[in-house]
Each structure stands twice: as C-alpha cells, then as structure tokens.
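Encoded as structure tokens, the structure appears first; notes follow it.
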Amino acid sequence: MNQESRANQESRTIPQAPVQASGLLLFNDPHQKSTNPGRRCDRYTDAIKGKLTFLIAHANEHRLVPVCTGDLFDIPGEASNALQSWMMRLFRSCWTTPVILPGNHDMQGSLLADDDALGVIAASGTAIVPVHSGAIATYVIPDEAGNPVRVGLGGTPYGQDIPTDVTNVFRDVDGVVWLTHADLAFGGSYPGSTPLREIRGCSLATNGHMHRTKPPVECGETLWLNFGSISRTDVDCLDHEPVAMVFTPDRMDYLPIPHEKNVFNLTGRLVETVEEDDVSAQEPAEMESRFVELFQSIRLSENNRTADGTLLVEEIQRRTASGEVTPVVGRCLLDLLEEVS
C-alpha cells in the first residue's frame, strides 16, 4: 500500500467524535508471539493471552479505553494467523475500540505496513493504530465531581520525533495525554537515549519500549511515566511486577496484572568461572578439533532447550569470555547457530 492510501486508511480509523468513557487503561509492551522467547519455560503465548483478556475484561467492566504504548507483537511478521485472529476477536469484544501505538517490534520498516502483523490488526478495524505522530482521539471522562473533562490522546510511534508543543494539536480539550515508544533518559542521560523534556500543552506522557519500571520525571508541565512491560521476555525482568495504569482526570492508579512469577529457565544462569585454557598457540587443525569438541559438549538436553537458542548462545558467550575458546571459534559457533536458526 502506498503512502497516500495508508494515510487515507489511517484517517478512516481514527474517530472524529469524542468518545464518552470512565478513563484510560494504559499498558505497555505485551510482546505477544507464537513461540517462547528466551528463557521462558511456560506457555508464553497463553500467558500473554491471559493478561490481555484480563485487561479487556477490566476495561469492559469499568468502561475504560484500552491503550497500548507499543510492541503488541514481539516480531513484525508474526506468522500465526490463528494468533492474529484471536487478537482481533478480543479487541472486537471490547466496549470501545482499543488504541495500539506501533512500537519497534511491530514494524519491519520505518512505518507500519500492511505486511506487519499489527498492520493486519489495523486493517481489520478492531483497533485504532496511528501510523504517524499526532492526534489519535478525544475522550470525555468525568472527574470525581461528575464534571465532563475532555482529554486529547496523542502519540508518537517508534522512530519518529516526539513533539515539544501540542497546544494546537487538539481543539477544545482540557488536557492532553501523549504516548511514546522510545529509549528515553529516565534517571539521567546515557549513550543512545533521548533526553526527557517538556511537551507544552501535555500534562502526562507515558512511555513504552523500556521494560522495567522507572521513577516518574517532571519536565515543566509534563509528567513522564514509564511503568514497564506487562510481559517479561528476558530473565533480567525476573523481579518486575507487570502492571497497567488507570487514568482519570483526578488520579492515576496502578492495576496489578495476575501472572505466574517463576516462568524462567535459570539453567546455567549462576555458574562458576572455569579455568582458562591456553588457546593462543592452537594450530588450525587443533582449532578445528576443539571446535567440534566444544560444539558437541555444549549441546543442551531437551529439557533445557529454548525456541530461539538463548541458552546455547549464552553458553557459547560464557566460554568465549572465560577464554575456554578463542574469539574466532566462538564467533564461528554463533554464526553457525544463526545460520541453522
């Protein structure tokens, strides 16, 4: 689909009239996929289905608008048609159309396309999926006194410039909530991060992409939030507690998401460093023999395998770092594993 037709489709998807709601239900990074990521040893797909089902049911019960800040899918070209169909049926069961911001895992290119799994969801009309940075929708949400408050919801998909001023993006609103999916400098700048800054006319900006909870940051009139992913694709998030956030004009409350805590295969995660071999003087024939020997020795048992070879990669990297194999042999092993995968 060309740029013009994509833009036309987007304009048809975004509602023009304000939607009456009780609040927004914000959540981050489901990373749904049909195979297990990394060290996850549970039925990952079913676990994420359970979380999304819980969120839509809560939204239906309390008349909240489900809003995802990106990475609905873990890979742009999710091949499971059954999983995409399930997602459409779930969103269709919602009292209102959910909003899904495109994240980096949702797109193969710089913009969402029809051959991306999220692009299929967008084309189905079961979710509002903005392609470009800008206004998404307007919601009328009562405050605690029952007075109607008009809230403008906008967002910036991954890879696009976050605006510094949104005062003229919406007409006749009382406040603006902005969605982002970016590597932002919560807790201080670091290489590759984008500094947090005020967005004029925006009182709340909430970010996805960064999977662990970060402390809120105030930049002028904008409060920045990053409360982490609802999934845990990596063992580094073992202790992360998945939550969503309920937003109303008067308050914001975290909503704990039911989940199974012990879902990671920790085999080899805590190991003692092996003694280094003297490999600097190995001849090519010796290296070839060592390559075969090591390749056979690091093969994992059936119970310790992962769908994407994570444990095998970690073992190769550990042995290379310890000096048990040369960097050349380690690189060859990793290249072979990538080719086989």
Could you figure out which of (1) in contact with a Phe, Trp or Tyr (Cβ under 9 Å, 6 or more places away or on another chain); (2) modelled with pLDDT of 95 or more; (3) farther than 15 Å from P130 by Cα; (4) surrounded by fewer than 23 Cβ atoms within 10 Å (Cβ to Cβ) isn't true of A59?
(4)
Every residue in the range 132-185 that is of a type in the set (A, V, I, L, M, F, W, C) and either open to solvent by 40 Å² or more (accessible area, probe 1.4 Å) or in a loop (DSSP other than H, G, I, E, B) (or both), please.
A135, A145, I162, V166, V169, F170, V173, A182, A185
Would you be able to tell me the number of residues in the range 18-44 that are of a type outside the set (V, I, T) and outside any loop (DSSP other than H, G, I, E, B)?
9
Considering the range 35-56, residues that are of a type in the set (V, I, T) and farther than 20 Å from V235 by Cβ, and then whichever is least open to solvent (accessible area, probe 1.4 Å), we arrive at I56
Selection from the range 180-194 of residues that are touching a strand residue (DSSP E or B) at 6+ places or on another chain (Cβ under 8 Å) and of a type outside the set (V, I, T)
H181, A182, D183, L184, A185, F186, G187, S193
Residue by residue through the range 249-271, note down the ones that are modelled with pLDDT under 90 and in contact with a strand residue (DSSP E or B) (Cβ under 9 Å, 6 or more places away or on another chain).
V263, F264, N265
Could you tell me which numbered condition R89 fails, if it satisfies all but one of (1) at pLDDT 95 or above; (2) of a type outside the set (G, A, S); (3) farther than 22 Å from L153 by Cα; (4) open to solvent by less than 40 Å² (accessible area, probe 1.4 Å)?
(4)
Restricting to the range 228-248, and then to whatever is open to solvent by less than 30 Å² (accessible area, probe 1.4 Å) and under 19 Å from S193 (Cβ atoms), can you tell me which residue is modelled with the lowest pLDDT?
C237
Sort out which residues of the range 111-125 are open to solvent by less than 10 Å² (accessible area, probe 1.4 Å) and of a type in the set (V, I, T), and write them in order of number.
I121
Which of the residues belonging to the range 207-227 are touching a residue at least 40 places away in the same chain (Cβ under 8 Å) and either surrounded by fewer than 19 Cβ atoms within 10 Å (Cβ to Cβ) or under 22 Å from D239 (Cβ atoms) (or both)?
N207, G208, H209, H211, N226, F227
Hits in the range 57-71 - residues which are among the small types (G, A, S) and assigned to a helix (DSSP H, G or I):
A57, A59
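The values are calculated or read from the model by the stated rules, or taken from the named source; none is laboratory data. All values reported here derive from a predicted model rather than from experimental measurement. Cβ: placed from backbone, ideal geometry, glycine included. Neighbour counts: every protein chain shown. Ligands, DNA and RNA are excluded from the accessible area calculation, which covers all protein heavy atoms including side chains. Shrake-Rupley method; radii C 1.70, N 1.55, O 1.52, S 1.80 Å.
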